[in-house]
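The values are calculated or read from the model by the stated rules, or taken from the named source; none is laboratory data. Since we're looking at a predicted model, the values are computed, not measured. With ideal geometry, Cβ positions are generated from the backbone for all residues, glycine too; neighbour counts draw on all protein chains shown. We work out accessible area using only protein heavy atoms, side chains counted, and drop any ligands, DNA or RNA first. Shrake-Rupley method; radii C 1.70, N 1.55, O 1.52, S 1.80 Å.
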Amino acid sequence: MKILIIEDDRTIASLVAESLAHQQYIVESVHDAETGLEYLEATPFDLLILDLGLPRMDGLSFCQIIRQRGHSLPILMLTARDTSSDKVIGLDAGADDYIVKPFDLPELLARVRALLRRKPLPFTPTLHWGALVLDLDSTKVMYNHQELHLTPKEYAILEVLLRHGSRILSRSAIMDHAWPFDEMPGEETVKVHLRSLRHKLKAVGAPANFIETVYGFGYRLNPNFQSQT
């Protein structure tokens, strides 16, 4: 899942981004509202972590603007203010939750998981395709009760494929979902990760074409194995 952090304190932004990345989230981090708005308009995100005290445009104004533009993603607001009135103002502006600085990273991660479960779009803690199960909370991947040990990028690609089911995804679409803007690889890199992912699936008993190549278009999970148990 893809998370955007807008936080002008680079130390805090880096710590939060690193913690989220360790949980297998794809993370973008920017340091002002204007850049954050460009990112939100350019690509879909599953969650926004927003600092209240941003320079030039504060978090409250930013929150109101993106809600007015129709962005419905969950927003976790970071604030140094701990009064009831400040919290009410933040929630009324469109935030879904808040956490007061300084905060414990485990609490922030728990709030992220809770918000993702409350997303307006369908959300389940596990993704399935036949005998394949990806647990979003534990980040474990099982095929026919055997665990797959995936790299972060293999995990991200598999999650993207599971979320799109039998829809065909081009390599560029996979890159958009599984890589941050500033780390975009060449398409050959996507092929390498897919080859490795297929190899690991085959090693635990999945058919060689469990991830199907639709020549000239892209990749998808093979519909023939959707109901497999």
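Average 1/r across all pairs of distinct alpha carbons in the chain, invert it, and you get the Kirkwood radius: 18.7 Å. Against the main long axis of the alpha-carbon atoms of the chain, helix 105-117 sits at an angle near 70°. Mean residue ellipticity, 222 nm, helices only, the chain: the sum of -39500 (n - 2.57) across DSSP H runs of n ≥ 4, divided by residue count and rounded to 500, is -12500 deg cm²/dmol.
Put simply, the amide H of Tyr98, placed in the peptide plane, has neighbours under 5 Å in Met77, leaving out anything fewer than 5 places away on its chain. Against the chain, whose longest principal axis is taken from its Cα atoms, helix 59-68 shows a tilt of about 60°. Modelled label positions at His199 and Arg167, each set 7 Å beyond Cα in the direction of Cβ, lie 3.0 nm from each other. Bridges between two residues of the chain, per DSSP, are antiparallel at a rate of about 45%. Solvent-accessible surface of the stretch 170-221, averaged per residue with a 1.4 angstrom probe and all protein chains in place: 53 square angstrom.
Could you calculate the FRET efficiency of Ser14 with Thr139 from 1/(1 + (r/R0)^6), where r is the beta carbon distance between them and R0 is 22 Å, rounded to 0.05? Calculated value: 0.55.
Looking at the stretch 154-220, which GluC sites (Glu not before Pro) are DSSP coil and have at most 15 other C-beta atoms within 10 Å of their C-beta? Don't jump to the answer; show the numbers that get you there.
Numbers: sites: Glu154, Glu159, Glu183, Glu187, Glu188, Glu212; in loops: none.
Listed in order of number, the matching sites amount to none.
Evaluated over the chain, the count of Lys pairs having alpha-carbon atoms less than 15 Å apart is 8 (only pairs 8 or more residues apart or interchain).
Accessible area of Lys2 (1.4 Å probe, protein heavy atoms only, ligands and nucleic acids ignored): about 10 Å². Quick one: helix 84-93 against the long Cα principal axis of the chain, what's the angle to the nearest 10°, folded into 0 to 90? Here the helix axis deviates by roughly 50 degrees.
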